[in-house]
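Colleague: Below is one structure. I have some questions about it.
The values are calculated or read from the model by the stated rules, or taken from the named source; none is laboratory data. On a predicted model such as this, the values are computed, not experimentally measured, just so you know. We place every Cβ from the backbone using ideal geometry, glycine too, and count neighbours over all the protein chains shown. In case anyone asks, the SASA skips ligands and DNA or RNA and just uses the protein heavy atoms, side chains included. Shrake-Rupley method; radii C 1.70, N 1.55, O 1.52, S 1.80 Å.
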Amino acid sequence: MIKIEHLRKEYPNATPLKDVCVEINKDDVITIIGPSGTGKSTLIRCLNQLDPPTSGKVWVDGECITDKNCDISKIRRKMGMVFQSFNLFNHMTIIENIMAAPVDLLKKSSQQAYDDGMELLRTVGLAEKAFNYPDELSGGQKQRVAIARTLAMEPEIVLFDEPTSALDPEMVGEVEAVIRDLAKKGLTMMIVTHDMRFAREVSNRVFYMDEGGVYEDGTPQQIFDDPQKENTKRFIKRIKIFEKLITSRDFDFIKFNNDLDEFARKNLVPKKSLYRLRTVFEELCTQIIIPELEKDFVLSFQAEYSQKEETVTAAIRYSGKEFNPMDSGNFLSVSLAENASESICHSYSGEDEFTNTVTVKVK
Amino acid sequence: MNIEKTQNAAELEIKVRGRLDTATAPQLEAELKESLSGIEKLILDFAELDYLSSAGLRVLLSAQKTMNKQGEMVVRGINETIAEIFEVTGFCDILTIE
Ligand SMILES: Nc1ncnc2c1ncn2[C@@H]1O[C@H](COP(=O)(O)OP(=O)(O)OP(=O)(O)O)[C@@H](O)[C@H]1O
Ligand SMILES: [Mg+2]
């Protein structure tokens, strides 16, 4: 359906896309992941010519859209875009926002555009907001309207650039649900996202972008569970590992727990394992180890979840003299930590920066 | 965490929601300190308690000690996970669990 050949994009002081060659099939739902600045947004913008590529070709349904003679407005109609910010017209009602382009560009009658618009609003669950203004909607609702507005142009493919990253966390779910529905209905989509859990759920292909192109292309299973190339491996590993350094007794315990929840959510850690991991941290680190450490301490807490084996392991490292938390005499905390774990091993090495290491296999 | 109190003469019911941990246990402790005088029956409703750590257990222990002197204390509505915690720490022998 779309073929990208040797696509290159140069800016005066950056060349985010060096040589992109990929094909996108009809019904593909592709998520694009990768480190910041690797050209994910640039690729999306080059695809629908918001930002013309420096060289290379893009074919859509056999038509070369990078050709000078190509009717670009026709192409944009085929390719819808949804951005991070919703860009709705604030002086128009929701239904007017959706009707505007179909009337202007598709030359639909107002009645037809209205009927189709209402139908779309129903699919994103917002028919009752048709006569409200954008300011009267929440962020999640605005983004659902923005999706409906894009769909109103009857595109063959929709390109999303981080559609949920400007939303409050509690609104992410409703927008993701709409996108998931569209995937089920067979709409072809490309979605830039930082949310690996969502990428895994929604897409049949994942592009990992790095080094000026699509560095690795595979199914979610291939990319997330068994990446083949070096940079992909490193990137995936970094997402899968939770790491925090604690340097004060007054560290932000609530934030720590929220971050742990977020890590668990993104990595699909089962609820029970998360509960136990939380116990391991609180009992061993907060209750036993940290009160024991000298001022100016550094404690590192790392956790990793293996989806394949469904196991959580944690590593607690800290400086100072030899101290095994299991010998602390804090019966209550020790028994809770033990109950949450398969095994807890302490080791000491005078040579390392972190002299003490406690390795925990969470139950 | 969220605490909801209902008092009926000398009977006090406290419903604890969310996480009872290092960060929130002092809150429950302060709440109990303030309200236990003259109470003969303390009911702790844990039906919506999601998480309990040793910090929370210590607060329960001290409440139990206070109530031993002036009446009784019962814990109700606990889920499987909390039951397991009471089990492994021996708290099931100290507390009255309904
Ligand atoms: N309009 C522009 N002018 C100059 N340089 C640009 C422009 N747009 C992007 N760049 C540069 O191109 C590179 C890729 O940017 P791009 O926004 O595509 O990255 P990204 O992968 O989307 O990153 P993020 O994950 O942070 O959104 C960056 O080095 C950026 O500074
Ligand atoms: Mg971007």
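Colleague: Taking the range A:253-274 as the search range and keeping residues that are surrounded by 18 or more Cβ atoms within 10 Å (Cβ to Cβ) and in a helix (DSSP H, G or I), which one is nearest to the other protein chains (Cβ to nearest Cβ)?
Modeller: Filtering first and then ranking leaves A:Asn257.
Colleague: Also, I was wondering about something else. Report, by residue number, each residue of the range A:225-252 that is farther than 15 Å from A:Thr313 by Cβ, aliphatic (A, V, I, L, M) and surrounded by fewer than 17 Cβ atoms within 10 Å (Cβ to Cβ).
Modeller: Within the range A:225-252, the subset farther than 15 Å from A:Thr313 by Cβ is A:225-236, A:238-239, A:244-252.
With aliphatic (A, V, I, L, M) added as a condition, the list becomes A:236, A:239, A:245-246.
Those that are farther than 15 Å from A:Thr313 by Cβ, aliphatic (A, V, I, L, M) and surrounded by fewer than 17 Cβ atoms within 10 Å (Cβ to Cβ): A:Ile239, A:Leu245.
Colleague: Output the number of residues of the range A:39-49 satisfying the condition of being within 13 Å of ligand 2 (Cβ to nearest atom) and of a type outside the set (Ser, Thr, Tyr).
Modeller: 6
Colleague: To continue, here is another question. Output yes when any residue across the range A:306-325 is over 34 Å from the mean Cα position of the chain (by Cα) and within 14 Å of chain B (Cβ to nearest Cβ), and no when none is. Walk me through how you get there before you give the answer.
Modeller: At the first step, the residues of the range A:306-325 found to be over 34 Å from the mean Cα position of the chain (by Cα) are A:319-325.
With the extra rule that they be within 14 Å of chain B (Cβ to nearest Cβ), the set shrinks to A:325.
Yes: the range A:306-325 contains one or more residues that are over 34 Å from the mean Cα position of the chain (by Cα) and within 14 Å of chain B (Cβ to nearest Cβ).
Let's see how each residue does on (1) touching a Leu at 6+ places or on another chain (Cβ under 7 Å); (2) outside any strand (DSSP E or B); (3) within 23 Å of A:Phe198 (Cβ to Cβ):
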site: A:Pro16; (1), (2), (3): no, no, no
site: A:Val22; (1), (2), (3): no, no, yes
site: A:Gly37; (1), (2), (3): no, yes, yes
site: A:Cys46; (1), (2), (3): yes, yes, no
site: A:Asp67; (1), (2), (3): no, yes, no
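Colleague: Restricting the search to the range A:289-326, which residues are more than 19 Å from A:Lys361 (Cβ to Cβ) and open to solvent by 50 Å² or more (accessible area, probe 1.4 Å)?
Modeller: Across the range A:289-326, the qualifying residues are A:Pro291, A:Glu292, A:Glu294, A:Lys295, A:Asp296, A:Lys321, A:Glu322.
Colleague: Shifting gears a bit: Would you be able to say whether some residue in the range A:332-343 is away from chain B (no Cβ under 14 Å) and open to solvent by 20 Å² or more (accessible area, probe 1.4 Å)?
Modeller: Within the range A:332-343 (the criterion being away from chain B (no Cβ under 14 Å) and open to solvent by 20 Å² or more (accessible area, probe 1.4 Å)), the answer is yes, since at least one residue qualifies.
Colleague: Also: Can you tell me which condition A:Met92 does not meet? The list is (1) at pLDDT 95 or above; (2) within 16 Å of ligand 2 (Cβ to nearest atom), and all the others hold.
Modeller: Going through (1) at pLDDT 95 or above; (2) within 16 Å of ligand 2 (Cβ to nearest atom) one by one, A:Met92 breaks only (2).
Colleague: Does the range A:327-344 hold any residues that are within 38 Å of the chain's Cα centre (by Cα) and aliphatic (A, V, I, L, M), and which are they?
Modeller: A:Val334, A:Leu336, A:Ala337, A:Ala340, A:Ile344, listed by residue number.
Colleague: Something else: Taking the range A:16-38 as the search range and keeping residues that are within 16 Å of ligand 2 (Cβ to nearest atom) and open to solvent by 10 Å² or more (accessible area, probe 1.4 Å), which one is nearest to A:Ile236 (Cα to Cα)?
Modeller: Going through the qualifying residues, I end up with A:Pro35.
Colleague: Here is a follow-up. Which one is farthest from A:Ile254 (Cα to Cα), of the residues in the range A:275-284 that are of a type outside the set (Phe, Trp, Tyr) and facing chain B (nearest Cβ under 10 Å)?
Modeller: Looking at the filtered set, the residue picked out is A:Arg276.
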